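The block underneath contains the structure these notes are about, expressed in structure tokens.
What follows is calculated from the coordinates using simple rules that are stated; it is not laboratory data. Bear in mind that the values here come from a model prediction, so they are computed numbers and not experimental data. No Cβ is skipped: glycine too gets one built from the backbone with ideal geometry, and neighbour counts run over all protein chains shown.
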Amino acid sequence: MTLANWITLSRIAAVPFVIMLLPLQPWIAALGFGLISLTDFVDGYVARRMNQVTSLGKLLDPIADKILVITLLLYFVETLRISYIFVAIIIVRELAVSALRTLAALDNQIIKADQLGKAKTVWQYITLVWMIMAWPLENIFIYGMVGLTVVSGINYYWVNRKVLKHG
């Protein structure tokens, strides 16, 4: 098990602690979420820098991102801070892109995260911190998050449409 993979696993393991802190200590939860979010970039950097890119890491990293984001979104659905429809749109996009990546992998192709997908992830992290802190105008961030999620999902399918033709 590489250092990069341990960093990724720590992101998954930390999610319940953030959820537990949300109603009690929003500042600490936001700080914890911010630090956990940074591990998304750190694990990739470590993997490339230390030549530790592994198949397990390629699998775990996007799963860890989805666990982190979707868990917080579900918390905010439960507390009536975001519509379940918006969260459903985000979950469907994540599953659809995962399905496309799986189809490509069956053909020995790898679909890497593109700039729009990375921007979507960063915007999700920013929006979730904004929501944790209950700062004003969070609906603007939420609409931006959902919009960018949809656009980036469509873009993944458009750019990788050849995968569907061969699948």
**Complete:** Computed for the chain: size of charge dipole around the Cα centre, +1 on C-beta of each Lys and Arg, -1 on C-beta of each Asp and Glu, debye to nearest 20, value 500 debye
**Request:** Report the extension gain between ILE154 and ASN51 in nm, rounded to one decimal, defined as 0.36 nm multiplied by the number of residues separating them, less their alpha carbon distance.
**Result:** 33.9 nm
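Most exposed first by the Cβ proxy, i.e. fewest other Cβ within 10 Å, how do SER37, SER55, SER10 rank?
Numbers: SER37 21, SER55 8, SER10 14.
Ranked by crowding around the Cβ, least crowded first: SER55, SER10, SER37.
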**Item:** Span per principal axis, largest first, for the Cα atoms of the chain (Å)
**Value:** 48, 35, 21
**Complete:** Taking R0 as 22 Å and r as the Cβ-Cβ distance between ASN108 and PHE41, the FRET efficiency 1/(1 + (r/R0)^6), rounded to the nearest 0.05, comes to 0.20
**Prompt:** Length gain on complete extension for the stretch LYS118 to LEU31, per 0.36 nm per residue less the alpha carbon to alpha carbon distance?
**Reply:** 29.2 nm
**Check: the stretch 61-137 dipole with +1 on Lys, Arg Cβ and -1 on Asp, Glu Cβ, in debye** = 120 debye
**Asked** What 222 nm value per residue comes from the helices of the chain, counting each DSSP H run with n ≥ 4 as -39,500 (n - 2.57) and dividing by all residues, nearest 500 deg cm²/dmol?
**Response** -28000 deg cm²/dmol
**Request:** For each of LEU148, LEU80, LEU68, count neighbouring Cβ atoms within 10 Å of the residue's Cβ, then give the residues from fewest to most.
**Result:** LEU80, LEU148, LEU68
